[in-house]
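The values are calculated or read from the model by the stated rules, or taken from the named source; none is laboratory data. These numbers come from a predicted model, not from an experiment. Cβ atoms come from the backbone with ideal geometry, glycine included; neighbour counts cover every protein chain shown. Please note that ligands, DNA and RNA were not included when accessible areas were found on the heavy atoms of the full protein model with its side chains. Shrake-Rupley method; radii C 1.70, N 1.55, O 1.52, S 1.80 Å.
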Amino acid sequence: MFELSFMRYAFVASTFIAVVSGVIGVFVVARRISFLTHTLSEIGFAGASFAVFAGWQALNGMLLFTILSSVMVGQMSIKESRREAVISAVSALFIGLGILFLSLSNQTASSATSILFGSVVGISKQEVWQLVMLSLLVLVVVFCMYRFLKFDSFDPVGARVNGVNGTVVSVIFLILVALSVSVAAQIVGSLLIFILLTLPAAAAKYYATGTAKMIGLSILFALLGTWLGLYLGYITNWPISFFIAVIEVVIYISALYYHHQTSA
């Protein structure tokens, strides 16, 4: 399997994607913004569609649209009372734009399929390097702001009392989520991106209490899903995103069962 260059590229890309998703996912779950990852996936679809229309790489379009929209959401939805309406409006706008760009482009339906469901086995060496650099950027920023991000995510009231600027932390974190969505979409596509950014972390919280332990388990679960999904996709020729989705759901259900048994 590793004799094939595209499979080597796929495993390298999936490893970095899983690590980033595992780290960011813990804070996504802690901040209770899982719904936002789904919204950003729809925005990423619009960005990738624009990239197809403009002749760019799909990842570049995703980055442009998700980063701009995350800043918009971060600035507009400071008050929780209006957050849902703001995100719905932004989501509706970008879905419409995605459909428009696809209809205006000269590409075939396969382009839309790749955007929606991912196409990691077709990833090039240049795209792998781009993913690696973006992943490292996200991890470095998280490391630099780890203390503030952890404080603001798990104890927002205490963070405000101690002078942590929640707005700045939220905007920076939303940009990191946008980068993570754009990166991880290469594996599972824009439709299923929330799987890697929510389920591994949601499962990890039932096995561990400390943030570091949760991050470690979340990364492990994400790696298990992507690596096993790639292997099963290779031997069956079925969609990789299908296997990743099933594996992560099984891990999450197992975590729920474990939690039920230990708390009974």
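Can you give the helix-only mean residue ellipticity at 222 nm for the chain, where every DSSP H stretch with n ≥ 4 adds -39500 (n - 2.57) and the sum goes over all residues, rounded to the nearest 500 deg cm²/dmol?
Rounded to the nearest 500, the figure is -28000 deg cm²/dmol.
How big is the gap, in Å, between the Cα center of the range 1-80 and the Cα center of the range 189-264?
Using only Cα atoms, the two centres lie 17 Å from each other.
Pairs of lysines 8 or more apart, or on different chains, with alpha carbons under 22 Å: count those in the chain, would you?
So the count works out to 4.
If I stretch the segment between SER34 and THR167 completely, what's the gain in nm (0.36 nm per residue apart, minus their alpha carbon distance), one decimal?
Length gained between SER34 and THR167: 46.0 nm.
Which ³J(HN,Hα) values in Hz, rounded to whole numbers, follow from the phi angles of the range 210-215 under the Karplus curve 6.51 cos²θ - 1.76 cosθ + 1.60, where θ = phi - 60° and Gly and Pro get x?
Calculated HN-Hα couplings, in order: x, 4, 4, 5, 4, 5 Hz.
Under the rule a/c < 1.5 gives rounded, and otherwise a/b versus b/c splits prolate from oblate, where does the range 136-264 land using the Cα gyration tensor? Can you show the working numbers first?
Working: a/c = 2.73, a/b = 1.44, b/c = 1.89.
It comes out oblate by the Cα gyration axes.
At a 10 angstrom cut-off on C-beta neighbours, averaged per residue, how do the peptides 28-39, 123-134 rank from highest to lowest? Each step should come with its number before you reach the end.
On the way: 28-39: 20.1, 123-134: 16.3.
Result, highest mean first: 28-39, 123-134.
Quick one, which of (i) 1.07; (ii) 1.17; (iii) 0.97 is the actual Rg/Rh (Cα atoms, Kirkwood Rh) calculated for this model?
After the calculation, the listed value that fits is (iii).
What accessible area per residue, rounded to a whole number of Å², is obtained for the chain using a probe radius of 1.4 Å?
With all protein chains present, the chain gives 47 Å² per residue.
Tabulate in residue order the Karplus-calculated ³J(HN,Hα) for the range 21-34, using 6.51 cos²θ - 1.76 cosθ + 1.60 with θ = phi - 60°, rounded to whole Hz; enter x for Gly and Pro.
Using θ = phi - 60°, the values come out as 5, x, 5, 5, x, 4, 7, 4, 5, 5, 8, 6, 10, 4 Hz.
Carbon and sulfur: what percent of the chain's accessible surface (1.4 Å probe)?
Carbon and sulfur atoms account for 68 percent of the accessible area of the chain.
Enumerate the amide H contacts of SER190 below 5 Å, restricted to partners 5 or more residues apart or on another chain; note that Pro and chain-start residues carry no placed amide H.
Residues meeting the amide H criterion: LEU116, PHE117, GLY118.
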